[in-house]
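Worksheet: the structure to be examined is printed underneath.
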Amino acid sequence: MTRIDLATSELHELLTPVLPHASTDKERPELGVVRIEARGSVLSAVASDRITLAATRHPADGLDDFALTIDREDAANLLKIFRHTKKTDPQLAIVVEEMPLPTDTGSAYGLGIRIDSETGKRHSLTDLGDPDPIFTKWRSLVAKLLARPAAPASPAVVFSPWATPRWSKAPRKGDYLQVFPGPTSKDPVLVLAGESFIGVWMPAGLRDDMEPQALLAGTPWQADLEGMATADAGDLLAAAYEAPDQVPDPGADRKLLEEAAELVITTQFGSTSMLQRRLRVGFAKAGQLLELLVGFGVVGPAEGSRAREVLVRPDDLPVVLDKIRAGEVTADA
């Protein structure tokens, strides 16, 4: 028996982003499911219709490995049965254990999941049995795409418009939806949102021999804008992203800066979105904190949308905190 303690909101965060990816094709009922797994102290939910695949993760200590498959509609019903609001977020006890199966399955007992809420609600579901092979191989697929060289994408990647809304549920508040095309238009696209969601999108591939200008020539926008003087997009938009001429004085936010330094150094991850989420501050404030940490030699300068390089080892955290408290800026702002 495995017991998992989750808040109701965490159950929603686990299931809601993957549900749009579970197939609704009545001819492929084996894909109209959600796979729930525990491996290495991480709880995951996975869904796919072979055009897109989505997986979420929730770290949870003390889990025994398990995997079970539940019907898509049953997963959606869980979110209707167990609800939360801004004011109330009931705690759930999720138990995965052997339980009696329906009589038409041919087996007396099998793996099942029981959810009890502190509000008194209870619901049980049983494993549907052998899943489609994509659910046993999804980790290998995602691992392959994560290890793929960061090659430039092909000139254009075309997606089916009906699939686009599926990704709207992936980012949590403060997260970005990050899309990584492959080196050709026929390669799978990797989609990430924060630290809790990863997905795969099979594009409707263009022919590799099509030139970018040939594709652009087919759009009426070129005719509409013919003869227009062109503007430098970098100059036009730079003002929105310009760093301030002077790094703000850290004195007013010393405690917050110390917390930011501790998070970045201990996790070895210099991300604006991570600071925004963990410190519960706005995106601008999180970016300002990272710029201040540049001055203290904690992280390197910005490199596009990538996380900052962390320049300090965890063992040196006390030294950095002392410098922040003393206001000893060690790098050029």
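Restricting attention to segment 119-153, the residues that are exposed (fewer than 11 other Cβ atoms within 10 Å of the Cβ) and in a loop (DSSP other than H, G, I, E, B) add up to 6. Checked against the criterion of being modelled with pLDDT of 85 or more, hydroxyl-bearing (Ser, Thr, Tyr) and surrounded by fewer than 19 Cβ atoms within 10 Å (Cβ to Cβ), segment 266-289 contains one or more residues that satisfy it. Filter segment 73-97 for residues that are part of a helix (DSSP H, G or I) and either in contact with a helix residue (DSSP H, G or I) (Cβ under 7 Å, 6 or more places away or on another chain) or at pLDDT below 95 (or both) and give the result. Correct list: ALA75, ALA76, LEU78, LEU79.
Screening GLU37 on (1) outside any helix (DSSP H, G or I); (2) acidic (Asp, Glu); (3) more than 12 Å from THR69 (Cα to Cα) shows it passes everything except condition (3).
Quickly run through segment 1-34 and pick out the residues that are in contact (Cβ under 8 Å) with a residue 60 or more places away in the chain and farther than 21 Å from ARG172 by Cβ. Result: MET1, THR2, ARG3, GLU30, LEU31, VAL33. Exactly one residue among PRO90, PRO149 is assigned by TED's automatic domain parsing to the domain that holds LEU19 and in contact (Cβ under 8 Å) with a residue 60 or more places away in the chain, and that residue is PRO90. Filtering segment 158-171 to residues that are surrounded by fewer than 16 Cβ atoms within 10 Å (Cβ to Cβ) and within 17 Å of the chain's Cα centre (by Cα) leaves THR164, PRO165, SER168. Checking ARG35, ARG28, ARG57 one by one, the residue that is of a type in the set (D, E, K, R) and modelled with pLDDT of 95 or more is ARG35 and no other. If you check LEU53 against the conditions, is it assigned by TED's automatic domain parsing to the domain that holds LEU6 and part of a strand (DSSP E or B)? Judged against the criteria, LEU53 is a match. The residues listed here are ARG3, ARG35, ARG39, ARG57; of these, the one that is at negative phi and crowded, with 21+ Cβ neighbours inside 10 Å is ARG35.
The values are calculated or read from the model by the stated rules, or taken from the named source; none is laboratory data. All of these numbers come straight from a predicted model, not from anything done at the bench. Reconstructed Cβ throughout: ideal geometry from the backbone, glycine too, with neighbour counts over all protein chains shown.
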